[in-house]
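Remarks on the structure that follows.
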Amino acid sequence: MSDSTTETSAETALEEDLEAGAGAEPREAELDPETAARRKAALAQIRQFGDPVLRTKARPIERFDDALREEVQRMGDLMDDAIGVGLAATQVGVVHRLLVYRIAQDAQLAALINPEIEWSGRDTESMEEGCLSLPRVLVDVDRPIHVRVRALNEYGEPILIEASGLEARVIQHEIDHLDGVLILDRTSREQRKEAMRNLREAEQAA
Ligand code: ZN
């Protein structure tokens, strides 16, 4: 690897992160100070590994009111500040079935409420994933490439999403959060061990 990689712009880092999968970690050295500070503040509001809420199964949402729509907006802002591509309500300590994601930077924020994977394709692929609740952890996760998901939007209207590739991966990652499942549960024993070691080291450093 050449020295020029240290000059990579935040935008390039972000693109690489999007390729790396859901909520992957940008290298902080590559963010400008303002963006880095905003990201740090956002991460402080996101529940981190070890918090029992991340292992809680979230309950279905029954009320589709202004409070819910405000929550969607707040989660979207937090996800953007944290430079993530997806966020589940459990990650902010709210145990109901809501997730938000945005795959392309210019795309509209998508909110899925009470999502159910109705169908998964047989083909799977392994990709590196990160998670806003697991700082500095990247592990390979094998997931179906194509899924069909039924959900409600923030107005309680039914939506059907046929997703492939990164979108399918992010949705599956966030639905896992609503069931208390983390990427550590979906990777190899070796990668889980290494990730746990990194998490412990980060904890000691902090
Ligand atoms: Zn996550």
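The values are calculated or read from the model by the stated rules, or taken from the named source; none is laboratory data. Just so we're clear, the structure is a prediction, and the values are computed from it rather than from any experiment. Don't worry about glycine lacking a Cβ; one is built from the backbone with ideal geometry, like all the others, and counts go over all protein chains shown. SASA here: full protein model, heavy atoms, side chains in, ligands and nucleic acids out. Shrake-Rupley method; radii C 1.70, N 1.55, O 1.52, S 1.80 Å.
Values for this structure:
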read-out: Candidates GLU190, GLU174, GLU167 - the one that is among the acidic types (Asp, Glu) and away from the ligand (no atom under 16 Å from the Cβ); value: GLU190
read-out: Filter pass, ASP140 being touching a residue at least 40 places away in the same chain (Cβ under 8 Å) and either surrounded by fewer than 18 Cβ atoms within 10 Å (Cβ to Cβ) or away from the ligand (no atom under 16 Å from the Cβ) (or both); value: yes
read-out: Residue, least open to solvent (accessible area, probe 1.4 Å), within the stretch 66-95, restricted to residues that are within 13 Å of LEU152 (Cβ to Cβ) and more than 16 Å from the chain's Cα centre (by Cα); value: LEU68
read-out: The listed residue being in contact with a strand residue (DSSP E or B) (Cβ under 6 Å, 6 or more places away or on another chain), open to solvent by less than 50 Å² (accessible area, probe 1.4 Å), farther than 16 Å from ASP185 by Cα and within 12 Å of the ligand (Cβ to nearest atom), out of LEU112, LEU99; value: LEU99
read-out: Filtered residues of the stretch 144-172 (kept if surrounded by fewer than 21 Cβ atoms within 10 Å (Cβ to Cβ), of a type outside the set (Gly, Ala, Ser) and assigned to a strand (DSSP E or B)); value: PRO144, HIS146, ARG148, ARG150, LEU152, PRO158, ILE159, LEU160, ILE161, GLU162
read-out: The stretch 115-129 residues that are closer than 23 Å to ALA88 by Cα and touching a residue at least 60 places away in the same chain (Cβ under 8 Å), paired with ones that are among the hydroxyl-bearing types (Ser, Thr, Tyr) and outside any strand (DSSP E or B) (beta carbon under 9 Å, 6 or more apart); value: GLU129/THR187
read-out: Candidates ASP3, ASP106, ASP32, ASP17 - the one that is at negative phi, in contact with a Pro (Cβ under 6 Å, 6 or more places away or on another chain) and modelled with pLDDT under 95; value: ASP17
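For (1) touching a strand residue (DSSP E or B) at 6+ places or on another chain (Cβ under 7 Å); (2) at pLDDT 95 or above; (3) under 21 Å from ARG47 (Cα atoms), each residue gets a yes or a no:
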site: MET75; (1), (2), (3): yes, yes, yes
site: LEU87; (1), (2), (3): yes, yes, yes
site: GLN91; (1), (2), (3): no, yes, yes
site: ARG136; (1), (2), (3): no, no, yes
site: VAL139; (1), (2), (3): yes, yes, yes
